[in-house]
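K.L.:
First the structure, then my questions, so here it is.
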Amino acid sequence: MALNIAGMTIAASFELGVTLIAIFELCVFMGVVAPGFSMANLVKGGWSGADAFSSAAWPGIVAAIPFAIWFFLAIEGVAMAAEEAKNPNRSVPIAYIGGILTLVALALGVMVFAGGVGDWKQLANINDPLPQAMKIVVGADSGWLHMLVWLGLFGLVASFHGIIIGYSRQIFALSRAGYLPPLLGRIHPKRGTPHLAILAGGAVGIAAIFSDEWVKFGGQSLTANIVTMSVFGAIVMYILSMASLFRLRRSEPALARPFAAPAYPFFPAFALAAAVICLGTMVYFSPLVAGLFVGLMALGYGYFLTTGKRRGDALAAAGA
């Protein structure tokens with residue numbers, strides 16, 4: 001958090017450095033385990049331990065949707081840095097496309113190589129699948145294994161640091177628009193960063209970490225439920241975003257669009273349909289978390305109704 005408060009240039013440079021190290025770590029993992037890869041191991045048992053077209057496979061596949069989406073979750077936070085970029089019309093689209101392509105390549109590579117070095121079922125329910133997969137190939141005492149564990153820390157740091165950048169700018173934007181108390185919209189007088197928003201989001205994160213073991217819901221830990229809840233929020237946001245895109249194309253055809261949606265309307269329509277399907281399957285397989293999500297959305301809507309005056313004041317101040 002201190003780096004984010006110190007300045008966006010420092011924070012972004014640090015984030016780039018640790019991200020490159022994390023990417024290097026994943027490339028090393030794939031290179032080291034490649035000699036032990038076997039297609040027979042990867043396809044053994046079929047998808048989810050059953051034939052992909054059988055009814056037994058689909059519950060496991062659908063249950064994994066939140067964690068598959070988690071690979072790409074929060075990439076929309078790139079837009080939160082638009083006001084701090086020199087040329088956002090050019091740099092933000094490049095960042096989005098480059099980030100998504102990098103994530104797709106790494107996610108597929110790690111899944112294929114980790115699942116093809118042994119019995120992937122043994123890696124399905126553990127917290128450290130990559131070290132365990134590498135251990136099958138190089139042994140428990142290999143220096144490669146120790147290097148993977150230490151370099152893996154950079155992946156966590158990169159993830160947490162990127163989330164800090166995203167959540168702090170989101171809290172700041174909501175405060176500036178009148179949705180949150182004005183205090184959270186203040187900027188550091190010297191550093192020019194939303195320092196109070198950074199600290200507020202960090203406090204929530206620390207509270208979640210320390211309550212993980214004793215807060216249970218539906219038989220799952222707080223972390224597992226937060227992952228599912230975050231995906232619910234992301235999918236609903238994706239649905240609303242795609243619906244808004246179609247709506248704006250009709251209602252505001254002359255609106256300036258620095259970044260045009262590729263292959264419109266086919267790609268946005270596919271994204272909308274896929275998001276609706278994902279939401280439906282998640283509601284079916286996680287009804288308790290879905291109910292909690294709806295309850296929190298209802299509370300949020302109630303809060304929205306009670307803050308109308310503050311939003312009006314914020315809008316008037318911005319216009320002035």
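K.L.:
In a shell of Cβ-Cβ distance under 15 Å around Pro181, excluding Pro181 itself, what net charge do Lys and Arg (+1) and Asp and Glu (-1) give?
P.N.:
Net of charged neighbours comes to +4.
K.L.:
Quick one: if the Förster radius is 51 Å, what FRET efficiency do Lys121 and Ala177 give, using the C-beta to C-beta distance and rounding to 0.05?
P.N.:
0.60
K.L.:
Find how much the distance from Ala256 to Ala274 grows on full extension, using 0.36 nm per residue of separation minus their present alpha carbon separation; answer in nm with one decimal.
P.N.:
Using 0.36 nm per residue and subtracting the Cα-Cα distance, I get 3.7 nm.
K.L.:
Between Arg247 and Leu296, what is the FRET efficiency for a Förster distance of 30 Å, r being their Cβ-Cβ separation, to the nearest 0.05?
P.N.:
E between Arg247 and Leu296, to the nearest 0.05, is 0.75.
K.L.:
Tell me the label-point distance for the pair Leu101, Tyr303, using the 7 Å Cα-to-Cβ offset, in nm and rounded to one decimal.
P.N.:
If labels sit at Leu101 and Tyr303, their model points lie 3.9 nm apart.
K.L.:
Okay, moving on. Show me 192-205, 104-117 ranked by packing, highest mean number of other Cβ atoms within 10 Å first.
P.N.:
192-205, 104-117
K.L.:
Neighbour counts of other C-beta atoms within 10 Å: give me Phe67, Phe154, Phe29 arranged from fewest to most.
P.N.:
In increasing order of surrounding Cβ atoms, one gets Phe67, Phe154, Phe29.
K.L.:
Quick one: grab the alpha carbon gyration tensor of the stretch 70-188, order the square roots of its eigenvalues as a ≥ b ≥ c, and give me rounded if a/c is under 1.5, else prolate or oblate depending on whether a/b is larger than b/c.
P.N.:
The shape class here is prolate.
K.L.:
Tell me the label-point distance for the pair Ala140, Ser91, using the 7 Å Cα-to-Cβ offset, in nm and rounded to one decimal.
P.N.:
4.9
K.L.:
Only four residue types carry charge here, +1 at the Cβ of Lys and Arg and -1 at the Cβ of Asp and Glu. Report the dipole size of the stretch 57-128 about the Cα centre in Debye, rounded to the nearest 20.
P.N.:
160
K.L.:
Let me ask you something else. Within the chain, which whole H helices from DSSP have a Cα span along their axis of at least 27 Å and a mean Kyte-Doolittle hydropathy of -0.5 or more, if any?
P.N.:
Those that clear 27 Å and a mean of -0.5 are 8-33, 88-115, 143-176, 222-251, 266-285, 287-306.
K.L.:
I've got another one for you. What translational diffusion coefficient, in µm²/s and rounded to a whole number, does the Stokes-Einstein relation yield for the chain at 37 °C and a viscosity of 0.692 mPa s, taking the hydrodynamic radius as the Kirkwood radius over Cα pairs?
P.N.:
147
K.L.:
Label the stretch 217-312 by shape, choosing from rounded, prolate and oblate, from the square roots a ≥ b ≥ c of the eigenvalues of the Cα gyration tensor; if a/c is under 1.5 it is rounded, and otherwise prolate applies when a/b is larger than b/c, oblate when it is not.
P.N.:
Since a/c reaches 1.5 but b/c is at least a/b, the shape of the stretch 217-312 is classed as oblate.
K.L.:
On to the next question. Could you list Cys278, Cys27 so that the one with the fewest beta carbons within 10 Å of its beta carbon is first and the one with the most is last?
P.N.:
If I rank by nearby Cβ atoms, fewest first, I get Cys27, Cys278.
Just so you know, all these numbers are worked out from the coordinates, no wet-lab data involved. Values in this document were obtained by computation on a predicted structure and should not be read as measured data. Backbone-built Cβ (ideal geometry, glycine too); neighbour counts: all protein chains shown.
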